[in-house]
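Colleague: This structure is in structure tokens; I'll ask about it shortly.
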Number of protein chains: 2
Amino acid sequence: MTEKIKRAAFFISDGTGITAGSLGGLLAHFPETDFEQIRIPFTDSISKIEDAQKRIVNAKLATGQRPVVIMSIGDTNLASELKQVDAYYVDLFESFIHPLGRELNQTALTRPGVSHSIKGANYGSRMEAINFALGHDDGMTHSGLNQAQVILIGVSRSGKTPTSIYLAMQFGIKAANYPLIPEDFERGSLPPILEGYLDKIFGLTIRPERLHSLRSERRPNSHYASLANCREEILKAETLMKKIGIPMAESTSRSVEELSAIIIQHMKN
Amino acid sequence: MTEKIKRAAFFISDGTGITAGSLGGLLAHFPETDFEQIRIPFTDSISKIEDAQKRIVNAKLATGQRPVVIMSIGDTNLASELKQVDAYYVDLFESFIHPLGRELNQTALTRPGVSHSIKGANYGSRMEAINFALGHDDGMTHSGLNQAQVILIGVSRSGKTPTSIYLAMQFGIKAANYPLIPEDFERGSLPPILEGYLDKIFGLTIRPERLHSLRSERRPNSHYASLANCREEILKAETLMKKIGIPMAESTSRSVEELSAIIIQHMKN
């Protein structure tokens, strides 16, 4: 196996650096390089620019490769000053915002973006959705369930909680989640409280081996975590969900981001 | 007040669409336009491209403006096919990934990014951090507190929970949070359990009027929510944190994204 080339990737912003940092995802298209990702937010003065430059220069010395710098700095003077040191720069203002401004026939605001501030598009509803998800985790309460935009169901440890939280944090979607338990399988029906919300329910399922491993972390050597019990619960849960016609996704090999994208697509149909 | 110009902004991806969608933050630099943001993930076949094209054409008809399309589609044929309909395209492969590949002297992988899959850089540690944050919310348990990378403290409803969850979900940082309560102020010291972790503690504070409003949603007309009590608790909490030398940030006008960026900067110092 050849050793990967090390290179630093900086995300330098006059705001939180979240928009610039999110482009870090694109670096995964270059698996031969081992990127060290460094975020430098709030870079809004000449002394902070100089600090950032020192770190870029040091990273070049340390790796022998010129760093990649993804930058979002609205002040043109600060932005040009930064670029005085050798690096491969991706300037979001130059390559994205200003060209878009020409298309829109508008001049872009150059102060730090408001998108990740409390003035951002749906900040209030995202925080409300987080509180909702936490308050409606694991069937904790039925009160306010009618406000849920989606209700995730599935056996214990099938991925409902982190998916609910991601839907809330990222998209402001109010997601409740409700466990399917052996009593439901015996009865052969959903928990009665959910029956009025069939069109909002989405099922998560998981492979038995993975569930066994997840549950073993929590309660090793228990009946709950045993592979036989995991197999049985999953078979019964899937049978029940299919019988009722609940849409389902497998969480075994999917991230909360992927599950959320699938759930949102389903919500729109 | 002039009416804002309506325009559609599509984020079309062969993966989750999260990287492309995160550039939506940059649209906030154009406040004169009212963007309707539409995500179309998993666009990986010719029939899905055709569906997306129909939606672009319809959006142009509905708004009278050609839509902005931010796209991340690795398959060159599908990407060129999409661009057959009139829109302002920002093609992340063309404008970002392929040029970066030339700098790196590598050919980019063109399959959907793995950055938001379970194979993404730190997916496992992010999920572990989420479980940690949920298990260590509001001083729920002391067990495992030594694993915390940061411990947020502050009065009830000062923003500790959503900030802890954001630090975990976005950065994989294990964040516990611990409420400061009247008993702590009487004693004039931090909760004893926290005394061994002084270098990990970060304080959140908030303006009394805002706290009053947040607490009133939860328990209207209570002593807990009264403005006088909010003022007193905040004064005492700030005095205590200053006395001990705990770094602090005000959550009143800051988003969880901004608070997290501040906390991470502090962790590095």
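The values are calculated or read from the model by the stated rules, or taken from the named source; none is laboratory data. Treat the numbers as computed from the prediction; the structure is a model and nothing was measured. Please note: Cβ atoms are built from the backbone with ideal geometry, for glycine as well, and neighbour counts cover all protein chains shown.
Colleague: Would you check if B:GLU81 is charged (D, E, K, R) and more than 21 Å from A:LEU100 (Cα to Cα)?
Modeller: In short, yes.
Colleague: Wholly within segment B:29-130, which helices (runs of 4 or more DSSP H) include no fewer than the required count, namely at least 1 residues that are facing chain A (nearest Cβ under 10 Å)?
Modeller: Once the helices (runs of 4 or more DSSP H) in segment B:29-130 are filtered for at least 1 residues that are facing chain A (nearest Cβ under 10 Å), what remains is B:98-104.
Colleague: B:GLN147 fails exactly one of the following numbered conditions: (1) more than 30 Å from B:GLU183 (Cα to Cα); (2) loosely packed, with under 15 Cβ neighbours inside 10 Å. What is the number of that condition?
Modeller: Unmet condition: (1).
Colleague: Go through A:ILE5, A:ILE18 for me and flag whichever is in contact with a His (Cβ under 6 Å, 6 or more places away or on another chain) and within 9 Å of another protein chain (Cβ to nearest Cβ).
Modeller: Answer to the selection: A:ILE18.
Colleague: If A:ASN131 satisfies every condition in (1) within 29 Å of B:LEU27 (Cβ to Cβ); (2) modelled with pLDDT of 95 or more but one, which is the exception?
Modeller: Only one criterion is unmet by A:ASN131, namely (2).
Colleague: In addition: Looking at A:ALA249, is it under 30 Å from B:SER255 (Cα atoms) and assigned to a strand (DSSP E or B)?
Modeller: So A:ALA249 fails the test.
Colleague: Also: Which numbered condition in (1) under 18 Å from A:GLY25 (Cβ atoms); (2) at pLDDT 95 or above is the only one that B:GLY74 fails?
Modeller: (2)
Colleague: I'd like the full set of residues that are touching a residue at least 40 places away in the same chain (Cβ under 8 Å) and not hydroxyl-bearing (Ser, Thr, Tyr), limited to segment A:217-229.
Modeller: Correct list: A:ARG218 only.
Colleague: Tell me, please, whether a residue that is under 23 Å from the mean Cα position of the chain (by Cα), surrounded by fewer than 18 Cβ atoms within 10 Å (Cβ to Cβ) and not β-branched (Val, Ile, Thr) can be found in segment A:38-54.
Modeller: yes
Colleague: Something else now. What tally of residues in segment B:209-223 results from selecting those that are under 17 Å from B:LYS160 (Cβ atoms) and in contact with a helix residue (DSSP H, G or I) (Cβ under 7 Å, 6 or more places away or on another chain)?
Modeller: Looking only at that region, the number is 2.
Colleague: For segment B:218-241, state whether one or more residues are surrounded by fewer than 15 Cβ atoms within 10 Å (Cβ to Cβ) and among the β-branched types (Val, Ile, Thr).
Modeller: yes
Colleague: Looking for something at positive phi and crowded, with 24+ Cβ neighbours inside 10 Å - is there at least one such residue anywhere in segment A:166-179?
Modeller: Looking for residues that are at positive phi and crowded, with 24+ Cβ neighbours inside 10 Å, one finds none in segment A:166-179, hence no.
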